[in-house]
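Trainee: Below you will find the structure I want to go over with you.
The values are calculated or read from the model by the stated rules, or taken from the named source; none is laboratory data. What you see is a predicted model; the values in this text were computed from it and never measured. Neighbour counts run over all protein chains shown; Cβ positions are idealised from the backbone, glycine included.
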Amino acid sequence: MESKSIDNLLVTAVIPFYNPEKIFKKVIEDVLPLVDNLVLVNDGSTQDVNHLIASNAKVYLLKLEYNSGKGAALKKGFGKAIALGSRYIITLDSDYQHEPKYIPAFLEALKTSGFIIGKRNFSFSQMPFMRVLSNTITSKVLSIKTKQKIFDSQSGFRGFDSSIIQLILPETNGFEAESEMILRAANKGIPISFIDISTKYGNQKSSIKALKSIISFLKVIMKY
């Protein structure tokens, strides 16, 4: 089997999903050539997804019994990636908003930084207004809180050196877990780096409920 490892260090992608659309199959197909392992975490989907998942020795399918949230799915995926002996872990979403072609850029950046976040273009012509607004506000708040510039707090396209995972593992289970990881990294003195990525927005429905997410974010901020 061809390895995509860097200096013989294994690379694993982790993708949480819940009732994915057909495009999920293309996400898997495009990610597989770029990593050593792919961990898919089914966050309690209520629909049959087996026909969308590639049969491949590099693919590991995990399942949460009920819809527990993105943070819970990520934690389960991180655990499996570490058990596989991965040095680098890439997380991305299942709806193809994150283009897998950027994975090599993440891996290059991980040679010098342990925590990488994909920075999107916050143009109103490329991103829905409410997402631009919420991300701008949360990124500003996190920048003040962490005393470092956070360009994109809500991007789920991230790269990690597995050695820092236990230090930044979130306690929360929802979408706010991604903000919590930023806060925990800052508290541990772990710098966060960013690379530019493009993002595709189609007709996908966001799983984020605005008011609930804001309240959860504020609760996380108050803890740190």
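Trainee: Scan region 124-159 residue by residue and report those that are touching a residue at least 24 places away in the same chain (Cβ under 8 Å), surrounded by 15 or more Cβ atoms within 10 Å (Cβ to Cβ) and in a helix (DSSP H, G or I).
Mentor: Selection gives 131, 134, 138, 141, 142, 145, 146.
Trainee: Turning to a different aspect of this structure: Taking only pairs six or more apart or across chains, which ones have beta-carbon atoms under 6 Å, a first residue in region 33-47 that is closer than 13 Å to residue 93 by Cα, and a second residue that is part of a loop (DSSP other than H, G, I, E, B) and of a type in the set (Lys, Arg)?
Mentor: Hits for this filter: 38/58.
Trainee: Among residues belonging to region 6-23 that are modelled with pLDDT of 95 or more and outside any loop (DSSP other than H, G, I, E, B), point out the one that is farthest from residue 85 (Cα to Cα).
Mentor: This residue is 17.
Trainee: Taking helices (runs of 4 or more DSSP H) that fall entirely within region 160-224, which contain at least 2 residues that are aromatic (Phe, Trp, Tyr), in contact with a helix residue (DSSP H, G or I) (Cβ under 6 Å, 6 or more places away or on another chain) and modelled with pLDDT of 95 or more? Can you show your working first?
Mentor: Details: elements: 165-168, 177-187, 210-223.
So the answer is none; nothing clears 2.
Trainee: Also, I was wondering about something else. Please go through region 60-77 and pick out each residue that is touching a helix residue (DSSP H, G or I) at 6+ places or on another chain (Cβ under 6 Å) and buried (at least 20 other Cβ atoms within 10 Å of the Cβ).
Mentor: Scanning region 60-77 gives a single hit, 71.
Trainee: Sticking with this structure for a sec: Does region 77-98 hold any residues that are part of a helix (DSSP H, G or I) and either touching a residue at least 40 places away in the same chain (Cβ under 8 Å) or β-branched (Val, Ile, Thr) (or both), and which are they?
Mentor: Step one: list which residues in region 77-98 are part of a helix (DSSP H, G or I), which gives 77-83.
Within region 77-98, 77, 78, 80, 81, 82 meet the criteria.
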